[in-house]
1. If R0 is 41 Å, what FRET efficiency do you get for residue 27 and residue 47 from their C-beta distance, rounded to 0.05?
2. Give me the Å³ per residue figure for the convex hull around the C-alpha atoms of the chain.
3. Angle check, please: helix 61-80 long axis (alpha carbons) against the longest principal axis of the chain (alpha carbons), in degrees 0 to 90, nearest 10.
4. Between residue 36 and residue 19, with labels modelled 7 Å along Cα→Cβ, what's the label distance in nm to one decimal, could you check?
5. In nanometres, what is the gap between the two model label sites at residue 65 and residue 7, each 7 Å from Cα along Cα-to-Cβ?
């Protein structure tokens, strides 16, 4: 589309804004700045949940015991099996 004939107001605004790179960028930044607080708040909630879950896994006695056993079995297998 090269002309703005037969466009409604909103369509004309978008058409003209798209033809001006700096205006388009300023509009995108304005929209982004309006939404960034809510987006960051959601990300913060998700990050806190992940941090809590990671802490629970890291401090889990049963998981630590499982990995300790895995290391013991690995050490045993390395001692018994000769290297060819």
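1. 0.90
2. Each residue corresponds to 241 Å³ of Cα convex hull volume.
3. 60 degrees
4. The answer from the label model is 3.0 nm.
5. Between residue 65 and residue 7, the label points sit 7.0 nm apart.
Values in this text are rule-based calculations from the coordinates and carry no lab data. Just so you know, these numbers come straight off a predicted model, no measurement behind them. Virtual Cβ from ideal backbone geometry, glycine too; neighbours counted across all protein chains shown.
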